[in-house]
Each structure stands twice: as C-alpha cells, then as structure tokens.
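The values are calculated or read from the model by the stated rules, or taken from the named source; none is laboratory data. All of these numbers come straight from a predicted model, not from anything done at the bench. FYI the Cβ positions are ideal-geometry reconstructions off the backbone, even for glycines, and counts take in every protein chain you see. Ligands, DNA and RNA are excluded from the accessible area calculation, which covers all protein heavy atoms including side chains. Shrake-Rupley method; radii C 1.70, N 1.55, O 1.52, S 1.80 Å.
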Amino acid sequence: MGNIMRINMSLLNISIESTPLLYTSIGGRGLTSSIIANEVPPTCEPLGQYNKLVIAPGIFSGTNAANSGKLSIGFKSCLTGGIQVSSVGGTAANKIARLGLSAIII
C-alpha cells in the first residue's frame, strides 16, 4: 500500500512516512493489531500518552472490488488491557486508501 500518517497529539504535529516492509502485505484488522503489538508498551495505561489509536483501511479498500470498503480501528482496550479492534463499513476506508495511506496512527 502507501504511507502511514502519524498524528502526535502531545506535540500537535503530523508526519507521513513510508510503510515499513513489515506492514506492506497486511491491512485492516491485521495491520492495526500488528502496529499496536509492536509499538505500544504492554504495561501502558489505555488512556495514557503511550497508547495509540490506529485507523487502517482493508487491503482491498480503494479498489473496484465489491464490498471492499472496510475500515478497522485498533487500540489498547480499557476493559481488558488487550488489543481491541472495531470495524466499520462505508466510504471512509476507500477515501483513506485512495489518498495513499495504509494507516493513520494517533
């Protein structure tokens, strides 16, 4: 896919980086879970500054494939402390994918 947009709420800045090789062949739920597992410390507070909110379109989003507009949103759960991923359909995933973004990390 394309790039990853990182939004840092502490510094109030946005950066765009190319997708690391580790994440190039996955999207959606797999990508959000991988980023959370690799980049969020397991002992961080779910509502603390080290947790991340990851928004990623599915691997086929932005293409002409039928029913490909699936968007996954991953984070460390406040309830369980594990990785939680929510999914939604619609046009947002296609629009993010057509911008050339693999994920948005807040």
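Of the residues SER102, SER68, SER10, SER25, which single one is in contact (Cβ under 8 Å) with a residue 60 or more places away in the chain and either part of a loop (DSSP other than H, G, I, E, B) or in contact with a Leu (Cβ under 7 Å, 6 or more places away or on another chain) (or both)?
Going through SER102, SER68, SER10, SER25 in turn, the sole match is SER102.
For ASN94, the test of being free of Cβ contacts under 8 Å to residues at least 40 places away in the same chain, open to solvent by less than 60 Å² (accessible area, probe 1.4 Å), in a helix (DSSP H, G or I) and of a type outside the set (Ser, Thr, Tyr) is passed. Quick one: in segment 72-84, which of the residues that are among the β-branched types (Val, Ile, Thr) and either more than 26 Å from PRO42 (Cα to Cα) or surrounded by 14 or more Cβ atoms within 10 Å (Cβ to Cβ) (or both) is modelled with the lowest pLDDT? Only one residue tops the list, namely ILE83. A residue that is farther than 23 Å from SER25 by Cβ and aliphatic (A, V, I, L, M) occurs somewhere in segment 59-82. You will find that of SER61, SER87, the residue that is open to solvent by 30 Å² or more (accessible area, probe 1.4 Å) and in contact with a helix residue (DSSP H, G or I) (Cβ under 8 Å, 6 or more places away or on another chain) is SER87 and no other.
Out of segment 2-30, which residues are within 19 Å of ARG98 (Cβ to Cβ) and of a type in the set (S, T, N, Q)? Passing the criteria: ASN3, SER18, THR19, THR24. Got at least one residue in segment 11-28 being loosely packed, with under 14 Cβ neighbours inside 10 Å, closer than 15 Å to ILE106 by Cα and among the small types (Gly, Ala, Ser)? Taking every residue of segment 11-28 in turn, at least one turns out to be loosely packed, with under 14 Cβ neighbours inside 10 Å, closer than 15 Å to ILE106 by Cα and among the small types (Gly, Ala, Ser). Scan segment 44-65 for residues that are in a loop (DSSP other than H, G, I, E, B), in contact with a Gly (Cβ under 8 Å, 6 or more places away or on another chain) and in contact (Cβ under 8 Å) with a residue 40 or more places away in the chain and the total you get is 2.
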